[in-house]
Amino acid sequence: MVEYLKNNVQFFIVMLLWLFVGRYAGPLHYFLIPVTVILFKRNNLYIELFLGFWFILILSDNLSYSWLFAKKIKDIYFLIIAGLFLLDIKNFYPLNDLFKRFIPFFIIALISLIYSETLVVSSQKTLSYVLFFFVIPNFFIKMYQLEKDELYRKLIFFVLTILFICLLLRFVDPANALSHGGRLRGIFGNPNGLGLFCMLTFLMSYLIIHIRPNLFSKNEKRLIYFLILVPLFMSGSRNVATALTLFLVLATFYRISPFLGFILFLAFIVMYEIIDSNYIYIIKSLGLESFFRLETIEVGGGRYIAWKFAWEQIQHNFFIGKGIAFDEYIMRKNYSLLSKLGHQGGVHNSYLILWLNTGIIGLIAYFSSFVLTFIKGAKKSPLAFPIMFAVMFTINFEPWIVASLNPLTIVLIIIITILTDDTFYKEKEFANEEKV
């Protein structure tokens, strides 16, 4: 990791410059960051361009006013990436097919705009979501074509750098690094955001190490898992901890037999229903009241109030929704009522949000494409279904998957691209042929 930092010191100096200008130099960042992005592209520095975008997305998750510039510039940054891609699209052939598999959902999302109560915002977010699924996989494949497996190392060490900063802030600036009763959030907006970032990057790292077992030394692997798992558990996210456990157990069984893995997943569903009915007794018996924050479970953490309200709203637009971002609009509109009932925030359930925004038809279209994508990935890796089940568990409690410009969805797109695109397996197949 030290070697990575030394070799990429110029990149991190640029990121620090962005931070300084964004925080202290007012609107100058509207000039500096776009110019830097264009220079990255002109010099074929695709990885720097990509990681710079991811860095801005991470900063945009922070709720501090000091980092408000990241929320404002991320849309411009992505439009520049999309524009550079579309203007030079021939240089990215052959194109990845992830976008095609989600076309039915995109069509339903566009139809939902007819009934939108926030047409401008919904149209912008729909366009962003569509472009994200089109642009990001192809950019990632282009980076791999240029860097080969070195891309994996740069990607993972970038993640470790971010997480090391989060851990460092725990001691340097605990007032901002901790929230929600001492849980670690680092440079993220809240502890659950950090926890989800850790889990998704763990899945990404685990997948990369699985398909390229000799790419990292034993000590590097230990460092990778240490720097991801420590902040994950320090975030205190119980849903993330459960999802990670689910993944590790399923990954073990799917490697032995996909059939055994599927049977185990069905058993998990049955067990989850039993546990859900007796979770308070089980947690107290295990002495884990503190980690699982039993007091917030017993009051529902406000989620049950939001879920009930969302379900009531779904009845008004059951089959076709009112456009992407309708959930945000309806929750803000009823903020006063929901606050009195004990909830402040969003719906906190991606399934309900998709149903609200695009109707039951959109929900089915999205997850049909989602599952088909992982079925394709399962032909190349036994980790596909364990990853899918872990992700589907987390989105039952968090809304990240329904938005594009956040630091989490981009990780999922990276994982799916690695799982499904032949580009990442050609060299492995060639190596196997050489051995024979």
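Which count do you get for residues in region 104-118 that are outside any helix (DSSP H, G or I) and crowded, with 16+ Cβ neighbours inside 10 Å? Counting residues in region 104-118 that are outside any helix (DSSP H, G or I) and crowded, with 16+ Cβ neighbours inside 10 Å gives 2.
Restricting ARG238, ARG212 to residues that are of a type in the set (Lys, Arg), surrounded by fewer than 23 Cβ atoms within 10 Å (Cβ to Cβ), out of contact with any Pro (no Cβ under 9 Å at 6 or more places or on another chain) and under 20 Å from ASN396 (Cα atoms) narrows the list to ARG238. Filter region 390-428 down to the residues that are charged (D, E, K, R) and farther than 15 Å from CYS198 by Cα, then identify the one that is surrounded by the most Cβ atoms within 10 Å (Cβ to Cβ). So the residue we want is ASP421. Of all the residues in region 138-147, those that are out of contact with any Asp or Glu (no Cβ under 7 Å at 6 or more places or on another chain) and either farther than 17 Å from LYS41 by Cα or buried (at least 18 other Cβ atoms within 10 Å of the Cβ) (or both) number 6. All of (1) under 14 Å from ASN192 (Cα atoms); (2) without any contact (Cβ under 8 Å) to a residue 60 or more places away in the chain; (3) among the hydrophobic types (A, V, I, L, M, F, W, C) hold for ALA243 with one exception: (2).
Just for helices (runs of 4 or more DSSP H) wholly inside region 326-436: which have at least 3 residues that are of a type outside the set (Val, Ile, Thr) and modelled with pLDDT under 90? Step through it out loud before you land on a result.
Working: elements: 326-333, 335-341, 350-378, 384-394, 409-420, 426-435.
Result: 335-341, 426-435.
Scanning region 339-389 for residues that are without any contact (Cβ under 8 Å) to a residue 40 or more places away in the chain, farther than 25 Å from ILE114 by Cβ and buried (at least 19 other Cβ atoms within 10 Å of the Cβ) yields a count of 2. Going through region 178-206 one residue at a time, which ones are hydrophobic (A, V, I, L, M, F, W, C) and either under 13 Å from ARG153 (Cα atoms) or outside any helix (DSSP H, G or I) (or both)? Hits for region 178-206 are LEU178, LEU184, ILE187, PHE188, MET204. Taken as a whole, region 151-164 holds at least one residue that is surrounded by fewer than 19 Cβ atoms within 10 Å (Cβ to Cβ), at pLDDT 95 or above and among the hydrophobic types (A, V, I, L, M, F, W, C).
The values are calculated or read from the model by the stated rules, or taken from the named source; none is laboratory data. Keep in mind it's a predicted model, so treat the numbers as computed, not measured. Quick reminder, even Gly has a Cβ in these numbers, built from the backbone with ideal geometry, and neighbours come from all protein chains shown.
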